[in-house]
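Trainee: Dumping the structure here so I can ask a few things about it.
The values are calculated or read from the model by the stated rules, or taken from the named source; none is laboratory data. Computed from a predicted structure; not experimentally measured. Don't worry about glycine lacking a Cβ; one is built from the backbone with ideal geometry, like all the others, and counts go over all protein chains shown. For the accessible areas, the whole protein counts, side chains as well, though only heavy atoms, and no ligand, DNA or RNA atoms are used. Shrake-Rupley method; radii C 1.70, N 1.55, O 1.52, S 1.80 Å.
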Amino acid sequence: MVSAQGGSIGFEGPKFSSYFGAGNLGGIFGMGSYAKTTIGSHQVTLGDQPILFDLPTDIFNTSHFLLTRGVGITANRGKTNLFIFAGGTAVASGTQFFQTAKMDSRAGMLFADAPLSANLHFHSKTVISRQFTSIQSLDWRPRKWLETDVAAGVGSGKPYFAATSDLERNWLSLKAGYISAGDQFRRVTAPSVYASEVYRENVLAVMKFSSGAVVTLGRQNFLQPQGTDFSAPYLRATVNQAQGSFDVAQFRLGAGLFQSHSSLASNLAQAFSAARRITNNVDAGIGYFRTLSGPVPPVSSLSTSIRETVSPKLSLLQIVNYSQGRTNAQFGGSYITNRIAVSVDYQTLYMPFLVNPFSQGISITLQVRLFRSLQLNAQTFRSADGHLRYTAWGNALLTNRFHALGSNGDDAFKHARYMVRGRVQDQAGRAVEGAAIRVGEQLVFTNADGEFFVRRNKAGTLPLEVVLTEFLNSAPFHLVSAPPAVTVSLEDAAQDVVIILDRK
């Protein structure tokens, strides 16, 4: 158990937001802060900020973020979007009630993207830090259902090349690419245990048939960092998979075969599942996982689950696992109200870097609105090295009148009773930071969790617009779905508006 003492405070106003946190974690004192404001057409951030370093060719990857400390400016020059940063990379630490950062290495960045035509975009990302990174890329969309991307340059002084295609039809999703990246390639020379890369040939095909059957075939090659030592070479793994699911006599059936090879282990494994709705409120399922060959004797596990929907707010989950002669029971579920949302679930993941590739773990998501706009959040996830990790954060509005930089008295923030709130995410459910949303006449930006809100003095209906040209996020997006109008409600009754984007 690590002791921690500290706290944080945040301010929000028209065209302005700021945060300050400080505390002692395990005997080490730290501070973290940022301030964001709009000056003319420029968005300026001073302090700690996560920066997205995605490429158009990242069709297989999760987002790549790096924490920085310094000054960032987002600007537009004609049709060209620019992001300029001066400061350094940083290492974060903290708890649910304060977040801190420590400067790691000096860094300067210049990101740019510009349309060359209606279907062709150019992107450039340059970082000067411990080592030099400069990657240029082209994003070509000849059809709405077809995207082809090319990226080339150097990352931390090592050559990088990627060519990918993404085809999305009603019945077929096909992603294919070839990536050349060596052991010492890094987008930015900074410690990270989560940012895996793909390399060599990668293919993932998902076929959806009119009968409801879904077949997935894939081959992927991964590069995984060894802890936080950025000088250590990547661990490499290759995963081949074949999966299928279909409905028979009201049963949902699934089967999968996985073959992986890494520097730590080679495995062949299979998985089977079956599920059925027993009543209108009860679902039952069973899963069987077994390794067929590998560095250890075959291991199998059998899991049964019952999920009951008690009410629109409450669901219960019971799981019984049997593996290697041992039986254990687990319990979970979800409870959702305007004040609290909590979910406890269990996942079985295939982890190619582990000796026993099937990893079972708990998944917890918690969101608590204590009073007014004070909100606490926590979430667990399993990183590629097989460890269960967590992230936690909190935010609040504690002032009822605040003057922002460059504003006059009429623009002062008022803690109004009515609000619109929502979140912006991509089609994979990942939060989109820096999205620009216009609610009525007010333009707001999403935070690191993809959330936004607007307060009003009275109830009513306001038009909503996703303003792609004003995004602070340098990644290219296009709109998938968003409501044309939103309802302004009392804070306790406000429902989240969900906006879906697609990463180009």
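Trainee: Roughly how many Å² of residue 296 are accessible to a 1.4 Å probe, to the nearest 10?
Mentor: 60 Å²
Trainee: What does the accessible area of residue 364 come to, in Å² to the nearest 10, when a probe of 1.4 Å is used?
Mentor: Surface accessible to solvent at residue 364 totals approximately 60 Å².
Trainee: Based on the Kirkwood radius over alpha-carbon pairs, what value in µm²/s does the Stokes-Einstein equation return for the translational diffusion coefficient of the stretch 163-299 at 10 °C and 1.306 mPa s?
Mentor: Taking Rh from Cα pairs, D becomes 90 µm²/s.
Trainee: Suppose we look only past 15 Å in the calculated P(r) of the stretch 71-133. What percent of the Cα-Cα pairs does that tail hold?
Mentor: That fraction is 62 percent.
Trainee: Report the FRET efficiency, 1/(1 + (r/R0)^6), for residue 116 and residue 232, where r is their Cβ-Cβ distance and R0 is 41 Å, rounded to 0.05.
Mentor: E between residue 116 and residue 232, to the nearest 0.05, is 0.60.
Trainee: Rounded, prolate or oblate: which fits the stretch 5-76 when a ≥ b ≥ c are the square roots of the eigenvalues of the alpha-carbon gyration tensor, with rounded for a/c under 1.5 and prolate only if a/b beats b/c?
Mentor: In terms of gyration-tensor shape, oblate.
Trainee: Work the Kirkwood hydrodynamic radius out for the stretch 47-92: mean of 1/r over every pair of different alpha-carbon atoms, inverted, in Å.
Mentor: The answer is 12.1 Å.
Trainee: Roughly how far apart, in whole Å, are the Cα centres of the stretch 433-504 and the stretch 25-86?
Mentor: Cα centroid of the stretch 433-504 versus Cα centroid of the stretch 25-86: 20 Å apart.
Trainee: Leaving out ligands, DNA and RNA but keeping every protein chain, what accessible area does residue 492 have, in Å² rounded to the nearest 10, with a 1.4 Å probe?
Mentor: Residue 492 has an accessible surface of roughly 80 Å² with all protein chains in place.
Trainee: Next question. Sort 123, 261 by heavy-atom solvent-accessible area, probe 1.4 angstrom, most to least.
Mentor: Per-residue accessible area, sorted high to low, gives 261, 123.
Trainee: Using only the C-alpha atoms of the stretch 37-172, find the volume of their convex hull and express it per residue in Å³.
Mentor: Output value, Cα hull per residue: 148 Å³.
Trainee: Right, next: Based on Cα positions only, what radius of gyration and what Dmax would you give for the stretch 158-221, in angstroms?
Mentor: Here Rg and the maximum Cα pair distance are 15.4, 49 Å.
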